Structure formats: C-alpha cells, structure tokens
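Taking it in order: structure first as structure tokens, then the write-up.
The values are calculated or read from the model by the stated rules, or taken from the named source; none is laboratory data. All of these numbers come straight from a predicted model, not from anything done at the bench. Reconstructed Cβ throughout: ideal geometry from the backbone, glycine too, with neighbour counts over all protein chains shown.
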C-alpha cells in the first residue's frame, strides 16, 4: 500500500472518530434533578429546597439545561447588617448571573412590616417591571416587562434561584409561577450567606486599606427603566 493512501486512511478514521465523539457528546442528557422537597422549619417557610441548596449546589453547577440566577442587588439600600447579613454583594457562586428581585416587582407590605420588626429598613422603593394589585396579581408597568422576564428566566430551562438568605429567591419563584412558569422547574436553593462550597467568587478588594468591590466580576443584568415604554393605567 502506498504511503499516501495509508495516511489518507488514518486521517479518515480519525475524522470519523471525532465526528462520532461529537455526536455522542451532543446527545448526552443531564442527570435528572431530584424532585423538589421543602426544607424543614423556617427554611421551608422561605421555600428553600431540601435537596438542592447552599450545601449541595456545587454538585449541580454547569448544567446545560439550567440557568442560575442570584436575586440580590449589587448595593442594597436595606439594613441587612442588622440581621447578620450584608448590603453589598461581597461574592457570588460561579455561573450565577445577578438579576435583582427588587427590579422585578414591589415588596409585599407584609414583608416590609416583617423586616421592620427585625430592624431591617430602607428596602428598595424604585422602579419595577411589575406591581402587585389589590388582588395579588402581578401587573406589568412596561410593555417590555414580560419579554424581559421571559428572556432572563427562560421557560424551557430549569431555574436555580439564590439570594442572601432565601427570601428574594422565594418571592421570585412565587412571581414566576403566578405568571405562568412551571413550578416544578424552579428551585429556591437558599442564600449565599450560608454557602460554604468551592465555587465562591469574591468581589471584595481591600487594597490600600480601603474596602472596595470588584463588581466588574459580576454577570449583572441591569434594567434601564428610562428606555422602557410605560403602560398607561
């Protein structure tokens, strides 16, 4: 056999193997997620999942069928330090994108009252995509509100939600379900303040004896309300 023909055969075999491997990888499906199960006690009240949460999330990162959303603000106006929390987003879990719940809709009055009783004041009161009417329905404030929500929280994916302690994530899930999302595909995995895994990315910068925050590390979805079209009431 001629040397040239042998080389051609080898190349053909290698290319065929490569294509076969790529096809196999393309068809690989993610392992099924455990069914949702509420945690016990107060964590269950906040809707935090028992199986996928701050202690186990490292086992579920990087899935192609899942989007990861952190519902905190970069700089929260609320006095979370009075409850052992943090105002600034001091870190996040690798792969999570930040979409502040505070920009999605207003806080229920009962939640505002509850936080006030816990000495947490000054919750965000700015513009939001939706508001809650007297019947508890979510009403769009802008023509773009629903398209933005559907883009940030795709319905064809599993959605993992996290925040500081679990409250913002809980409210986000309730909102999405009320607006037509599949409840079984949305997991409240709890709060970053309780995360002890290996994929934390810190934003704290203590250079020059002054604490600053490297928010440029954050995949942050800002909503420019000034460029949206208000819905006439």
*Confirm whether residue 223 is outside any helix (DSSP H, G or I) and crowded, with 18+ Cβ neighbours inside 10 Å.*
yes
*asked:* Scan the range 191-206 and tell me whether some residue there is under 28 Å from residue 79 (Cβ atoms), in the same structural domain as residue 103 (by TED's automatic domain parsing) and free of Cβ contacts under 8 Å to residues at least 40 places away in the same chain.
replied: yes
*Output the residues belonging to the range 97-119 that are farther than 13 Å from residue 168 by Cβ and touching a strand residue (DSSP E or B) at 6+ places or on another chain (Cβ under 8 Å).*
97
*How many residues does the range 46-75 hold that are in contact (Cβ under 8 Å) with a residue 60 or more places away in the chain, in a loop (DSSP other than H, G, I, E, B) and buried (at least 18 other Cβ atoms within 10 Å of the Cβ)?*
8
*Which condition number in (1) modelled with pLDDT under 95; (2) surrounded by 15 or more Cβ atoms within 10 Å (Cβ to Cβ) is the one that residue 89 fails?*
(1)
*Looking only at the range 113-147, which residues are surrounded by 16 or more Cβ atoms within 10 Å (Cβ to Cβ) and not in a loop (DSSP other than H, G, I, E, B)?*
115, 130, 132, 138, 140, 142, 145
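Is there a residue being under 20 Å from residue 74 (Cβ atoms) and touching a residue at least 24 places away in the same chain (Cβ under 8 Å) anywhere in the range 174-187?
Step one: of the range 174-187, the residues under 20 Å from residue 74 (Cβ atoms) are none.
Taking every residue of the range 174-187 in turn, none turns out to be under 20 Å from residue 74 (Cβ atoms) and touching a residue at least 24 places away in the same chain (Cβ under 8 Å).
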*Positions within the range 174-220 being within 20 Å of residue 105 (Cβ to Cβ) and exposed (fewer than 11 other Cβ atoms within 10 Å of the Cβ), in sequence order*: 180
*Just one of (1) closer than 28 Å to residue 197 by Cβ; (2) modelled with pLDDT of 95 or more; (3) crowded, with 17+ Cβ neighbours inside 10 Å trips up residue 154, so point out which.*
(3)
